[in-house]
Amino acid sequence: MTSASGSEPRFIGIDLSSPVLRVAIVNNDGRIEERREVRIDADQLLGQVAQVVSELRGVNSNIEAVGIAIPGLVNRQTDRVIASRDLPLAVRENLHSEFMKATGARVEIENDANAAAYGEYKVGAGRGSRDMFYITIGAGIGGAIILEGKLWTGASGFAGEFGHITIDTEGLECECGNTGCLETLASGPSIVRRANDRLYRDGTSSLSKLAINKNFTADDVAHEAKNGDDFSMMMIERTGKYIGTGVASVLNLLNIERVVLGGGVMDAGELILNPIIQEARRRAFQPCFEATQILAATLGADAASIGAAMLARDATA
Ligand SMILES: [Zn+2]
C-alpha cells in the first residue's frame with residue numbers, strides 16, 4: 001500500500017565522517033525530504049544506525065536501499081573497509097555485512113570524499129558535466145575523480161589523494177610520511193598553524209583581529225577575512241594559491257571538464273575561490289585551463305549523505 005506521493009522509491013543516505021551521524025531520506029532526484037542528526041557513540045554505532053534507519057522507514061515505507069559514507073577506504077568489489085582512522089576497530093573490515101545485518105536493508109558503503117563527490121556530481125555543482133574532479137578542504141584535504149559518470153578509484157582505491165601531492169619540497173613533514181604535502185599548507189589546522197607562526201614573527205600582523213584570540217580556528221580566519229581584516233585576507237589568499245597550484249597539476253594531468261571544491265575551508269567563498277582560479281590559470285597549460293570550470297560546491301554538509309543515497313540508488317541499475 002502506497003500513498004499518492006510516496007510510490008516513488010526513496011533512499012537513506014548516512015554520513016559517518018563527523019562526530020554527528022547525519023542521516024537523510026533522499027528522493028529519486030537527490031532532494032532531502034527528512035533528516036536526523038545523532039551524536040555518534042563509537043561503541044553503539046551499529047545500533048544507532050539500525051535505530052535511525054528503522055525510524056525513517058516508519059516515516060516513509062518506500063525506502064529501497066541505504067548508502068553510507070565512511071571516513072575510510074572501501075574496496076567496492078568486495079565491500080570491505082581497507083583502512084579507517086575513525087571507526088571503532090571491531091566493525092572495521094566487516095562494516096558492510098554488519099550494517100546489512102543491523103538494518104535489514106541493502107547497503108552500499110563508500111569513502112566519504114567519494115560519496116560527497118558523487119553527490120555534487122549528480123545534484124550539486126558538478127551537475128551536467130561528464131568528468132569532474134572533486135576536492136574537499138577541511139580538517140584534511142581529500143579528492144575524488146569521476147570519469148564518465150563513475151568514480152575512478154585507481155588500482156587499489158587511493159586515486160584522488162589530492163591532499164598529499166607535494167607543493168613545497170622543503171616543507172613540513174606530513175602524517176603520510178612525505179614532506180610539504182598540500183595538506184600541510186592548506187587544511188584548516190594548517191591555516192591556523194601558518195597564521196600563528198606569522199602573528200608571532202611579524203610586528204604588523206599583531207594589528208590583526210586574530211591576535212586578540214589565541215585559540216582561533218580556520219573558520220575565524222575566514223570570518224575575519226570576510227570582515228576585511230588584511231592579515232586574514234592575506235592568509236586566505238595564500239591558502240588559495242597553494243590549492244590553485246595543486247589544481248593546475250590536476251588540469252594538466254586530466255584536462256578535466258569541471259573542478260568542484262567543497263569542505264569547511266571553502267566557506268570563505270570568493271575570497272578563496274578567486275585566488276585558486278587565478279593560480280590555476282597562471283600555472284596550468286592554457287588549453288587545459290580554458291577547457292575547465294572551477295566552481296564552489298553547492299551541497300554544503302549534505303554532500304556526503306546525498307551522494308551516499310545516490311550511490312545506493314544507482315547500484316540498483
Ligand atoms: Zn601527505
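The values are calculated or read from the model by the stated rules, or taken from the named source; none is laboratory data. In this text the structure is predicted, and so the values were computed from the model without any measurement. All Cβ positions, even for glycine, are placed from backbone atoms using ideal geometry, and neighbour counts span all protein chains on display.
Just a yes or no: is a residue in region 197-216 of a type in the set (Asp, Glu) and within 16 Å of the ligand (Cβ to nearest atom)? Scanning region 197-216 turns up no residue that is of a type in the set (Asp, Glu) and within 16 Å of the ligand (Cβ to nearest atom). Return the pair list, or none, for Cβ contacts closer than 6 Å from residues in region 54-70 that are farther than 12 Å from Ala309 by Cβ to residues that are crowded, with 16+ Cβ neighbours inside 10 Å, at least 6 apart or on different chains. Going by the 6 Å Cβ cut-off, the qualifying pairs are Arg57/Ile63; Asn60/Arg10; Asn60/Ile25; Asn62/Arg10; Ile70/Leu16; Ile70/Ile109.
Can Ser305 be described as within 25 Å of Ile32 (Cβ to Cβ), crowded, with 21+ Cβ neighbours inside 10 Å and of a type in the set (Ser, Thr, Tyr)? Yes, satisfied.
State whether the residues of region 232-239 include one that is among the hydroxyl-bearing types (Ser, Thr, Tyr), free of Cβ contacts under 8 Å to residues at least 40 places away in the same chain, more than 19 Å from Ala125 (Cβ to Cβ) and crowded, with 22+ Cβ neighbours inside 10 Å. So far as region 232-239 goes, yes, one or more of its residues are among the hydroxyl-bearing types (Ser, Thr, Tyr), free of Cβ contacts under 8 Å to residues at least 40 places away in the same chain, more than 19 Å from Ala125 (Cβ to Cβ) and crowded, with 22+ Cβ neighbours inside 10 Å.
Quick grid of which residues meet (1) of a type in the set (Gly, Ala, Ser); (2) part of a helix (DSSP H, G or I):
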residue	(1), (2)
Phe11	no, no
Arg35	no, no
Gly47	yes, yes
Ile68	no, no
Thr78	no, no
Val81	no, no
Ala105	yes, no
Glu110	no, no
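When Gly140 is tested against (1) within 28 Å of Gly269 (Cα to Cα); (2) more than 16 Å from the ligand (Cβ to nearest atom), exactly one condition is not met: (2). Restricted to helices (runs of 4 or more DSSP H) entirely inside region 212-317, those with at least 3 residues that are of a type in the set (Val, Ile, Thr) are 230-254, 270-283. Please indicate, with yes or no, whether at least one residue in region 129-139 is more than 13 Å from the chain's Cα centre (by Cα), in a helix (DSSP H, G or I) and of a type in the set (S, T, N, Q). No.
For Ile109, the stated conditions hold: it is outside the structural domain of Asp219 (by TED's automatic domain parsing), farther than 23 Å from Val265 by Cα, away from the ligand (no atom under 15 Å from the Cβ) and in contact with a His (Cβ under 6 Å, 6 or more places away or on another chain).
Looking across region 158-191 at every residue that is modelled with pLDDT under 95 and more than 10 Å from the ligand (Cβ to nearest atom), the one that is surrounded by the most Cβ atoms within 10 Å (Cβ to Cβ) is identified as Gly160.
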